[in-house]
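**Q** Structure in structure tokens, see below.
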Amino acid sequence: ENLHDFVASLPKAELHVHLLGAATVDTVLDLARRHPAAGVPAERAELAEFYTFRDFDHFLKVYWAVQSLITGRDDVHTLVTGLARDLAAQNVRYAEVTVTPYNHLLDGLSGDDLLDGLAAGRAAAARDHGVELAWCFDIPGEKGAKAGRETLAFALGERPDGLVAFGLGGPETGVGRALFAPMFTAAREAGLHSVPHAGETTGPATVWSAVHDLGAERIGHGTSAAADPRLLEHLAEHRIPLEVCPTSNVRTRQVGSLEAHPVRRLLDHGVAVTLNTDDPGMFGATLNGEYVAVAEALGLTRGEIAQLARNAVAASFLSDSPRDALL
Ligand code: ADE
Ligand code: ZN
């Protein structure tokens, strides 16, 4: 059995994938044709060029342009069912999917259309693809405390089925995690899990802040923790998993290559590493591809690869009984 077939045969969970960033090239081309004013290319070659990211900030600008294409309930439904189809093809049985309500609402989508599209898409994902979806609603950090308060109010006011986590995304530079401490405290008191992005584009101090100020139970990315031995020890000892997204980090030019990715160092220090795609449609990533690439770059044994898949199940917010049923 070759490596790819082995990876494909593993039942998997994915813990870090943005609903919008999962839109396939075909889906985005279709949306772009329907909304020519949004500035997203509607031709394949131009979209590929558009998806060549110069740096992380450029990636976010592109991401926000694509976000503006999502204007109705059916667009949301298309995103969710497309993601479920693609997850099923990777033998992913369960995923925690990040959605950024505040930004979608700013772009003119109504809260009801967002929630209806998510709910109907989630039902179809289970029914038609055998994939269980859970939601993480995240704060767009660049929009500040107001976005934090409104994301919290939306999450707790609506409490859609499957909402399990509260997050923080967008840029890290100039966006201290601690600004959002009150919203994370309230979200955790209401039973949502804390999963902020940290240490993707800034150093280990941001990861420490996510841990201390936001009560992070997992870290989105956390790759810069590799530079801080005390932090590595803390993450390992307290079993705070990292949602590592290797291709994403290469495509946004945070690391030079998969071979140069600090995932080896994270593993060597006993950190609970999970592998994820982040924005698979925009990065041309697949979850099986992430496993294969890391296994090849690090020379992992089959046992070590299977352990990475088990790490994601263990780090998920699935409770024990559905976990046994799904994975
Ligand atoms: N939103 C979508 N992808 C993101 C990423 N990799 N980091 C922060 N915010 C994001
Ligand atoms: Zn992310």
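Read-outs throughout are calculated quantities, based only on the coordinates presented, and are distinct from any laboratory measurement. These numbers come from a predicted model, not from an experiment. When we count neighbours, we look across all protein chains shown, and the Cβ atoms used for this are built from the backbone with ideal geometry, even at glycine.
**Q** How do the helices (runs of 4 or more DSSP H) wholly within the range 274-327 filter down when requiring 1 or more residues that are of a type in the set (S, T, N, Q) and more than 14 Å from the chain's Cα centre (by Cα): which remain?
**A** Values: elements: 280-283, 287-298, 302-315, 320-326.
By residue number, 287-298, 302-315, 320-326.
**Q** I'd like the residue in the range 5-30 that is more than 16 Å from ligand 1 (Cβ to nearest atom) and buried (at least 22 other Cβ atoms within 10 Å of the Cβ) and, out of all such residues, is nearest to residue 278 (Cα to Cα).
**A** Out of the qualifying residues, it is 13.
**Q** Ok, one more. So, in the range 279-313, how many residues would count as being touching a strand residue (DSSP E or B) at 6+ places or on another chain (Cβ under 9 Å) and loosely packed, with under 14 Cβ neighbours inside 10 Å?
**A** So the count comes out to 0.
**Q** When you scan the range 180-195, how many residues do you find that are surrounded by 22 or more Cβ atoms within 10 Å (Cβ to Cβ), closer than 15 Å to residue 140 by Cα and of a type in the set (A, V, I, L, M)?
**A** Matching residues across the range 180-195 total 2.
**Q** Here is a follow-up. Would you check which residues across the range 239-260 are away from ligand 2 (no atom under 16 Å from the Cβ) and touching a residue at least 12 places away in the same chain (Cβ under 8 Å) and list them? First the steps, then the outcome.
**A** Restricting attention to the range 239-260, the residues satisfying the condition of being away from ligand 2 (no atom under 16 Å from the Cβ) are 239-240, 256-260.
Scanning the range 239-260 gives 239, 240, 258, 259.
**Q** Can you go through 246, 262, 182, 241 and tell me which one is under 14 Å from the mean Cα position of the chain (by Cα) and farther than 20 Å from residue 21 by Cα? Spell out the reasoning first.
**A** Details: 246 fails: farther than 20 Å from residue 21 by Cα; 262 fails: under 14 Å from the mean Cα position of the chain (by Cα); 182 fails: under 14 Å from the mean Cα position of the chain (by Cα).
Only one candidate qualifies: 241.
**Q** State which residue is surrounded by the fewest Cβ atoms within 10 Å (Cβ to Cβ) when the search covers only the range 58-78 and only residues that are over 30 Å from residue 123 (Cβ atoms) and more than 17 Å from the chain's Cα centre (by Cα). Working first, answer last.
**A** As a first pass, look at the range 58-78 and keep what is over 30 Å from residue 123 (Cβ atoms): 58-62.
Checking which are more than 17 Å from the chain's Cα centre (by Cα) leaves us with 58, 61.
Numbers: 58: 13, 61: 10.
The qualifying residue surrounded by the fewest Cβ atoms within 10 Å (Cβ to Cβ) is 61.
**Q** Looking only at the range 31-53, decide whether some residue is among the charged types (D, E, K, R) and either under 21 Å from residue 105 (Cα atoms) or crowded, with 18+ Cβ neighbours inside 10 Å (or both).
**A** Quick first cut of the range 31-53, residues among the charged types (D, E, K, R) only: 33-34, 43-44, 46, 49.
Subset that is either under 21 Å from residue 105 (Cα atoms) or crowded, with 18+ Cβ neighbours inside 10 Å (or both): 34.
Looking through the range 31-53, at least one residue is among the charged types (D, E, K, R) and either under 21 Å from residue 105 (Cα atoms) or crowded, with 18+ Cβ neighbours inside 10 Å (or both).
**Q** Given the condition within 27 Å of residue 137 (Cα to Cα), within 16 Å of ligand 2 (Cβ to nearest atom) and not β-branched (Val, Ile, Thr), answer yes or no: does some residue in the range 23-45 qualify?
**A** Yes, that holds for at least one residue.
**Q** Same structure, new question: Using beta carbons and a limit of 7 Å, which pairs, at least six apart or on different chains, have the first residue in the range 77-105 and among the aromatic types (Phe, Trp, Tyr) and the second one assigned to a helix (DSSP H, G or I)?
**A** Sorted first by the residue in the range 77-105, then by its partner, the pairs are 94/326; 102/143; 102/147; 102/150; 102/151.
Here's the yes/no breakdown for (1) farther than 24 Å from residue 221 by Cα; (2) among the hydrophobic types (A, V, I, L, M, F, W, C); (3) in a helix (DSSP H, G or I):
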site: 26; (1), (2), (3): yes, no, yes
site: 30; (1), (2), (3): yes, no, yes
site: 37; (1), (2), (3): yes, yes, yes
site: 40; (1), (2), (3): yes, yes, no
site: 49; (1), (2), (3): yes, no, yes
site: 52; (1), (2), (3): no, no, no
site: 57; (1), (2), (3): no, no, yes
